[in-house]
Amino acid sequence: MLGIGCCTRKGVLKGLIIRDLDNYSRNSEEVNQQLLYSALDYPQNQEMVDSILATFEEEVDSGEERELGQLVKTLGAIGTADSNSVLDGYIPRVPDSLGRTIAAALAKYPNDHWSNNVEQALLKALTDGSEFNHPYYLNQIKHGEPSDDAFDVVLEVLRNSKHMATKCFAIDCLGYKKHIPSVPVMISLLRLGRQEEEV
């Protein structure tokens, strides 16, 4: 009997979360953050995914862009193959910063959605973005399905970076995927003197 009551309460709670997500534009920012956090307990729940995706599309279309990053991260965590494809289609149509957020969310979570759009956004983050964020993007490329062109960009990051952490993440990425053309560059790094042990 206790188990049935638990399931009923969870079902009621899910219904309330969906109802409040449907009123997203009228809620306070704090309420919406709590709703999106609560939604993480319902992976691939179609009603919840549909509600959050509809809100994302409305916010992008209206230009208001309230909390788009959190909407995207939640969708990346609980989304379905269909919602991932819809998000993927937005990558080339939105500002670069939002495109990177979408690409990172799709590449990061267990559904591991990878596409040319995702790859291009992550590579753009590597070539144009702050080097402070390079380890994060390199790690996502490592776990994706990168093309040879993507590995060539990672290899350039390895060659040109002045930061040891970035070099280590690039080596990890290239080594994890066994990118053979990078081996001579990795060997040449052994000449870095005091950094030899880290390499």
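Given contacts defined as C-alpha pairs under 8 Å and at least six residues apart, what's the relative contact order of the chain, whole-number percent?
Numbers: 196 pairs, mean separation 23.4, N = 199.
Computed over the chain, the figure is 12 percent.
Provide the per residue accessible area, probe 1.4 Å, for the chain, rounded to a whole number of square angstrom.
56 Å²
Quote the charge dipole size of the chain about the Cα centre in Debye, to the nearest 20; the model charges only the Cβ of Lys and Arg (+1) and of Asp and Glu (-1).
That gives a dipole near 680 debye.
Looking at the chain as a GNM with Cα springs under 10 Å, which of Val118, Val60, Val49 has the largest mean-square fluctuation?
In the Gaussian network model the winner is Val60.
Nearest 10 degrees, 0 to 90: what angle lies between the long axis of helix 164-176 and the longest principal axis of the chain (Cα atoms)?
So the inclination is approximately 80 degrees.
Given 0.36 nm per residue, what is the gain on full extension from Glu145 to Ala81 after removing their alpha carbon distance, in nm? Provide the component values of the computation, followed by the final result.
On the way: separation 64, 0.36 × 64 = 23.04 nm, distance 1.65 nm.
Stretched fully, the Glu145-Ala81 segment lengthens by 21.4 nm.
So, R0 is 41 Å and r is the distance between the beta-carbons of Asp50 and Ser97; what FRET efficiency does that work out to, to 0.05?
Calculated transfer efficiency: 0.95.
Exceeding 21 Å between C-alpha atoms, which entries from my cross-link table qualify? They are Lys73/Lys108; Lys108/Lys162; Lys73/Lys167.
Lys108/Lys162; Lys73/Lys167
Among 95-104, 17-26, 151-160, how do they line up by average Cβ neighbours within 10 Å per residue, starting with the highest? The partial results should precede the final answer.
Numbers: 95-104: 19.8, 17-26: 16.0, 151-160: 17.8.
Ranking the peptides 95-104, 17-26, 151-160 by packing returns 95-104, 151-160, 17-26.
If a paramagnetic tag sat 7 Å from the Cα of Thr127 along the Cα-Cβ line, which residues of segment 141-157 would have the backbone N under 18 Å from that point?
Only 141-142, 146-157 pass the distance filter.
As a check on your grasp of the helix formula, calculate [θ] at 222 nm for the chain: sum -39500 (n - 2.57) over DSSP H runs of n ≥ 4, divide by the residue count, round to the nearest 500. Please report the intermediate quantities before stating the final value.
Working: 11 runs with 138 residues, N = 199.
That calculation yields -22000 deg cm²/dmol at 222 nm.
Which listed residue (Asn133, Pro92, Phe56) has the Cα farthest towards the positive end of the charge dipole for the chain, taking +1 on Lys and Arg C-beta and -1 on Asp and Glu C-beta about the Cα centre?
Selected residue: Asn133.
Taking a 1.4 Å probe, which of Ser62, Ser147 shows the most accessible area, and what order do the others take after it? Don't jump to the answer; show the numbers that get you there.
On the way: Ser62 65, Ser147 45 Å².
Ranked list, largest accessible area first: Ser62, Ser147.
Residue separation times 0.36 nm, minus the C-alpha to C-alpha distance between Val60 and Ala165: what's the value?
34.3 nm
The values are calculated or read from the model by the stated rules, or taken from the named source; none is laboratory data. All figures in this text were calculated on a predicted structure; none of them were measured in a lab. Every residue, glycine as well, gets a Cβ built from its backbone with ideal geometry; the counts of neighbours run over all protein chains shown. Quick note on the areas: whole protein, heavy atoms, side chains included, nothing else; ligands and nucleic acids left out. Shrake-Rupley method; radii C 1.70, N 1.55, O 1.52, S 1.80 Å.
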